[in-house]
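Shown next, in structure tokens, is the structure this report addresses.
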Amino acid sequence: MTVSSTVTAPSRIAATFARCRAEGRAALVTYVMAGDPDSETSLKVLEALPASGADIVEFGLPFTDPMADGPAIQAAGLRALKGGQGVAKTLDLVRRFREGNAETPVILMGYYNPIHTYGVARFLDDAVAAGIDGLIVVDLPPEEDDELCLPALAKGLAFIRLATPTTDEKRLPAVLANTAGFVYYVSITGVTGTATPDFDKVADAVGRIRRHTDLPVVVGFGVRTGADAAAIARGADGVVVGSALIDALRGSLDAEGRAQAGTVEAVSTLVRDLAAGVRRAVKA
């Protein structure tokens, strides 16, 4: 049975999915790590994502001990941390991004430890002021909703949950209970960027989740090319790409891991290919 979400998505997220539905296509959700390889280049990459066709941006909050991230994103986080990137600098990058872009939803994705250390109340106030629309905090299960999820919702921030291939019918209602904005379906078992999903199984899983919620369902983990994005977009409301973009960025750096003249364009080129794939997909 499909149930209506009890939480209203922030207007930028809801408006973006409504626009994509009106265009008969899925949304392209792109992930990059804040501060990778340095703060100024990271801001330029963030600004280039919507200009290249991204509909929603996930901005990674670097952390020393990630549990869901594969080698590419782990390395990006270490590059960012080496450059001094933290919560305050990440929020400042979003604030600067908002000076030129008031429409694109920005989702901060990371782990609870940096937020807890920063202070939950302070973090939520600063996140709202910076222009963040939602949070994905992968190590806080529904049983810990009092820690961050419910306070975030009270501030008008979407709290976005991950459902996985091992999330069964009994567990799914708990995962969806306080979810807002969209549901993020992890298409593979394991960490990011390490396998290609079985597209038929993904379509079945998306259909199963939709029987439980009216929220958009987006699919990530393992999507690397425009063709992959098109395959997922036929059945999902959105497609998330992260590790492939991180790899494109890393491949543009010099031997010391510093940005070069083509770094932003390396990411933009892949985003344009992914956006073309999403836009040419015929919805199932």
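Quick one: which of Ala9, Ala34 is under 13 Å from Ile107 (Cβ atoms), surrounded by 18 or more Cβ atoms within 10 Å (Cβ to Cβ), modelled with pLDDT under 95 and of a type in the set (A, V, I, L, M, F, W, C)? Going through Ala9, Ala34 in turn, the sole match is Ala9. Test of understanding: among Thr117, Thr167, which residue is surrounded by 18 or more Cβ atoms within 10 Å (Cβ to Cβ) and among the hydroxyl-bearing types (Ser, Thr, Tyr)? Among Thr117, Thr167, only Thr167 is surrounded by 18 or more Cβ atoms within 10 Å (Cβ to Cβ) and among the hydroxyl-bearing types (Ser, Thr, Tyr). The numbered conditions (1) modelled with pLDDT of 95 or more; (2) more than 19 Å from the chain's Cα centre (by Cα); (3) buried (at least 19 other Cβ atoms within 10 Å of the Cβ) are all true for Thr213 except (1).
For segment 212-224, enumerate the residues that are touching an Asp or Glu at 6+ places or on another chain (Cβ under 7 Å) and either over 24 Å from Ser11 (Cβ atoms) or assigned to a loop (DSSP other than H, G, I, E, B) (or both). Once the filter is applied, which keeps residues that are touching an Asp or Glu at 6+ places or on another chain (Cβ under 7 Å) and either over 24 Å from Ser11 (Cβ atoms) or assigned to a loop (DSSP other than H, G, I, E, B) (or both), segment 212-224 yields only Pro216. Put simply, of Ala259, Ala248 the only residue that is at pLDDT 95 or above, among the hydrophobic types (A, V, I, L, M, F, W, C) and either in a loop (DSSP other than H, G, I, E, B) or open to solvent by 40 Å² or more (accessible area, probe 1.4 Å) (or both) is Ala259. Residue-level check: of (1) touching a Gly at 6+ places or on another chain (Cβ under 9 Å); (2) at pLDDT below 95, Val128 misses just (2).
Counting the residues of segment 48-92 that are among the β-branched types (Val, Ile, Thr), touching a helix residue (DSSP H, G or I) at 6+ places or on another chain (Cβ under 8 Å), over 16 Å from Leu245 (Cα atoms) and surrounded by 16 or more Cβ atoms within 10 Å (Cβ to Cβ) gives 1.
The residues of segment 218-236 that are surrounded by fewer than 23 Cβ atoms within 10 Å (Cβ to Cβ) and of a type outside the set (S, T, N, Q), listed by number, are Arg224, Gly226, Ala227, Asp228, Ala230, Ala231, Arg234, Gly235. Can Val183 be described as open to solvent by less than 10 Å² (accessible area, probe 1.4 Å) and modelled with pLDDT of 95 or more? Judged against the criteria, Val183 is a match. Scanning segment 35-75 for residues that are assigned to a helix (DSSP H, G or I) and among the β-branched types (Val, Ile, Thr) returns Thr41, Val45, Ile73.
Scanning segment 53-90 for residues that are of a type outside the set (Val, Ile, Thr) and in contact with a strand residue (DSSP E or B) (Cβ under 7 Å, 6 or more places away or on another chain) turns up Gly53, Ala54, Asp55, Glu58, Phe59, Gly60, Leu61, Pro62, Phe63, Ala76, Gly77, Ala80.
When Arg95 is tested against (1) out of contact with any Gly (no Cβ under 7 Å at 6 or more places or on another chain); (2) open to solvent by 20 Å² or more (accessible area, probe 1.4 Å), only condition (1) is not met. When only residues in segment 134-158 that are touching a residue at least 60 places away in the same chain (Cβ under 8 Å) and touching a helix residue (DSSP H, G or I) at 6+ places or on another chain (Cβ under 8 Å) count, which is farthest from Met109 (Cα to Cα)? Across segment 134-158, the extreme among qualifying residues is Gly156.
Figure legend. Inter-residue proximity from segment 265-282: first residues farther than 11 Å from Thr30 by Cβ, second residues acidic (Asp, Glu) and in a helix (DSSP H, G or I), beta-carbon distance below 9 Å, spacing 6+ or different chains. Indicated pairs: Gly277/Asp228.
The values are calculated or read from the model by the stated rules, or taken from the named source; none is laboratory data. All values reported here derive from a predicted model rather than from experimental measurement. Virtual Cβ from ideal backbone geometry, glycine too; neighbours counted across all protein chains shown. All accessible areas refer to the heavy atoms of the entire protein, side chains included, with ligands and DNA or RNA removed. Shrake-Rupley method; radii C 1.70, N 1.55, O 1.52, S 1.80 Å.
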